[in-house]
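Here is the structure we will look at.
The values are calculated or read from the model by the stated rules, or taken from the named source; none is laboratory data. Being a predicted model, the structure only gives us computed values, none of them experimental. So basically every Cβ, Gly included, is an ideal-geometry build from the backbone, and we count neighbours across all protein chains shown.
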Amino acid sequence: MSAAEAFFEGVKHMFKRTFTLKHPYERHELPDGYRGRHLLYMDRCTGCGICAWICPEKCITIVSVSEEKTYPQNPQKRFPQYWYVRCCFCHFCTDYCPTGALDYTKDYDLAEYEKELIIWSPERLSKVPDAYEGYRTKFHGWAGVDHVPSKES
Amino acid sequence: MTAASSTPEQDIVAAIREQVGNAVQDVKVDRKGRVSVVAPKETMVEVAAWLQRAGLDHAITVSGVDRPRENQLDVVYFLSSYCREDIKGLVVSLKIHLDRENPSLPSLTPIWESANLFERETHEMFGVAFEGHPNLSRLLLQDNWEGPPPLRKDLKIPELA
Amino acid sequence: MRIMVKTDGDLIVEATPDIGYVHRGCEKIAESRNVIKNIPMLERPNIADASHLNWSYIKPIEELQGVEVPERGLYIRTILCEMNRIASHLYGMAIMAGIFSGHTTMYMFGFGDRELLLDLCEMLTGARMTFSFFVPGGVRRDFPRGFKEKLLETLDYLERHLGAIDRILVSNPVFVERARGVGVLKKEDAIRLGVVGPVLRGSGVRCDVRKDAPYGVYDRVDFEVISFVEGDCLSRWLVRFEEIKQSIRILRQLARDVPKGPIAKKSPLVVPGGEAIGRVESSRGEINHYVVGDGGDKPYRVKMSTGSFKNLAALPFLLKGVRIGDMPMVYGSLDYWPVEADR
């Protein structure tokens, strides 16, 4: 076959659908159980420290929280604090927690300008992240594959 | 030589006992697909040459194990075959016990050239001298490394704080 | 790595590779962490093909503990490993056959198709590249709803699009002229130097750990071991291209035959005394992990031996007598991953 046929194969893509997403305005839809940052349920955590023991990178420390609300299952109010610079997002802490106090979220934009903000306190970890509209892939036969908004299909 | 119902591992063990049995210290079948041979430093070249002629032409890896409690340093060669269909799935390990103070043994690069880079790495990480190796220079560590060989148990790395 | 080259005009006379720039001491660190904590660290030497490193580390530990993985767990492991093999070959063809020879369209095609496979891996495990998905005794999660349909849809699209990759790269006369007859590795030299993986199969030796010493469920699926006899760069790329087709064939059979049942068995957090070796065929060659245990929860010694390190012996041999302009093609055809070689 000639080089012109190989060249034409690339030119055909001018007439096919495009796969690119205009991030951050159009975001890819993430599946359930995606390994983003952690979500802490403060009314289930007992402060046992198994998450801190199993963490491969030692990024979890158990600290005391100083707020007025009391937790019957955790009288000393000791909760985990995450240092996200070290976290490798393996989520062994989520799987090993005996009371199910940690959960997966779809939040992955964790960059900050100041070093102190990268340490997430227990109260900050317990806030549920905002939802956003996502785009998912769709196959179109000969026309290729592209992304369509999730709520349309 | 042996009955048709014996496994390839048992065939090799029987052949080793028969032909080079006085040159090895111990030979046995560990589990399915694994045969282990222990040989002393003086006769290891004879055993290695026999194993190579028997069809084991691929040295898949060479490793060192530091045992300070028994005052020993082991060097283990793992061997397999490219061409012989009946022993392709086996791994035969050849272990040599060495003294921890000044470990040195003849290099097996003339028999298996694929062991060249692995012996170089074992020399750098454990301080084992391979006599007759063509090029025992630095491989992975940085040029200005001045401490003891890293993978020995004497060197302790600081714990993650 | 650095390659120090002595030339005579345009021809290379001697080449010496200098490796060790990304050495992190994985084997030393592995002695100070317990079995579970080692899993994310020991799979990061090769992020494009991490599940094979993971399986090769877990296999000897399961042998020492005497734990048998249930059937469904083995099928899930094999499915993830085959998806990873296709993604890794597409990555290799995109960067090594694409960028290194100036073919940007192949880079776009390879990475675009790889995104679909990473979406599937993300649906199954939660992460795109380094999954940390295998634990001693089984796997961490089961198939989510809708996984099998999406897998079969993606495989149909991939089979059609492989024809496009064939037209722009493998049968493209411009690429064929650059790759044919360059960097020839004959069968005797391949056996003598001890190379593994597609480099070995491109020189006429038909060896693959999936057929010689089967693990997982590879003894129950039907596939071929591809090899070509010419031994030049083109035959090495053809081996990888055909292996993608064989992996698609394996995945269709696995998706049809997955049994029901548990996905994992409980295993203790100790490494019993003894030693064991694991053998796994990854996309770059054979990976071995030699684990020595002493009864505690930390392994006494872990030795990793990867495909890229074994293939390094072929680089100075192949570069002799080659023109300087052909050096990227020869280096690229070995599909060398520096972090996997240095650990």
- Out of all the residues in the range C:163-181, which are surrounded by 20 or more Cβ atoms within 10 Å (Cβ to Cβ) and under 30 Å from C:Ile76 (Cα atoms)? C:Ile165
- Which residues, counting only those in the range A:90-115, are away from chain C (no Cβ under 11 Å), closer than 27 Å to A:Tyr71 by Cα and acidic (Asp, Glu)? A:Asp103, A:Asp107
- Item | Failed item, numbered, when C:Glu177 is tested on (1) in contact with a helix residue (DSSP H, G or I) (Cβ under 6 Å, 6 or more places away or on another chain); (2) assigned to a helix (DSSP H, G or I) | (1)
- Task: Please state which one of A:Arg27, A:Arg37 is surrounded by 13 or more Cβ atoms within 10 Å (Cβ to Cβ), closer than 30 Å to B:Glu159 by Cβ, within 14 Å of another protein chain (Cβ to nearest Cβ) and under 17 Å from the mean Cα position of the chain (by Cα).
- Result: A:Arg37
- Note on the structure: For strands (runs of 3 or more DSSP E) lying entirely in the range C:231-343, having 3 or more residues that are among the small types (Gly, Ala, Ser) picks out C:274-282
- Of the residues B:Ala115, B:Ala129, B:Ala54, which single one is at the interface with another protein chain (Cβ under 9 Å from one of its Cβ atoms) and among the small types (Gly, Ala, Ser)? B:Ala115
- Query: Do you know which residues across the range C:1-48 are over 30 Å from A:Arg86 (Cα atoms), out of contact with any Lys or Arg (no Cβ under 8 Å at 6 or more places or on another chain) and small (Gly, Ala, Ser)?
  - Reply: C:Gly9
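Going by the structure shown, is C:Arg167 assigned to a loop (DSSP other than H, G, I, E, B) and among the basic types (Lys, Arg)?
no
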- Does the range C:6-26 include one or more residues that are in a helix (DSSP H, G or I) and either away from chain B (no Cβ under 12 Å) or at pLDDT 90 or above (or both)? yes
- Could you check the range B:39-118 for strands (runs of 3 or more DSSP E) lying wholly inside it with 3 or more residues that are in contact (Cβ under 8 Å) with a residue 24 or more places away in the chain and buried (at least 16 other Cβ atoms within 10 Å of the Cβ)? B:58-67, B:72-80, B:91-99
- Item | Among (1) assigned to a helix (DSSP H, G or I); (2) within 14 Å of chain B (Cβ to nearest Cβ); (3) surrounded by fewer than 20 Cβ atoms within 10 Å (Cβ to Cβ); (4) not aromatic (Phe, Trp, Tyr) - the single one C:Pro214 does not satisfy | (1)
- Any idea which of (1) within 12 Å of another protein chain (Cβ to nearest Cβ); (2) in contact (Cβ under 8 Å) with a residue 40 or more places away in the chain; (3) within 30 Å of A:His38 (Cβ to Cβ) is the one C:His161 doesn't satisfy? (3)
- Residue list for the range C:122-156, filter: farther than 30 Å from C:Val270 by Cα and either surrounded by fewer than 18 Cβ atoms within 10 Å (Cβ to Cβ) or among the basic types (Lys, Arg) (or both): C:Pro144, C:Arg145, C:Gly146, C:Phe147, C:Lys148, C:Glu149, C:Lys150, C:Leu152, C:Glu153, C:Asp156
- Single condition A:Arg78 does not satisfy, out of (1) away from chain C (no Cβ under 13 Å); (2) of a type in the set (Lys, Arg); (3) surrounded by fewer than 15 Cβ atoms within 10 Å (Cβ to Cβ); (4) over 30 Å from A:Pro149 (Cβ atoms): (3)
- Message: Considering only residues that are within 12 Å of chain C (Cβ to nearest Cβ), among the polar types (S, T, N, Q) and farther than 26 Å from B:Ser80 by Cα, which ones fall in the range B:132-150?
- Response: B:Ser137, B:Gln142
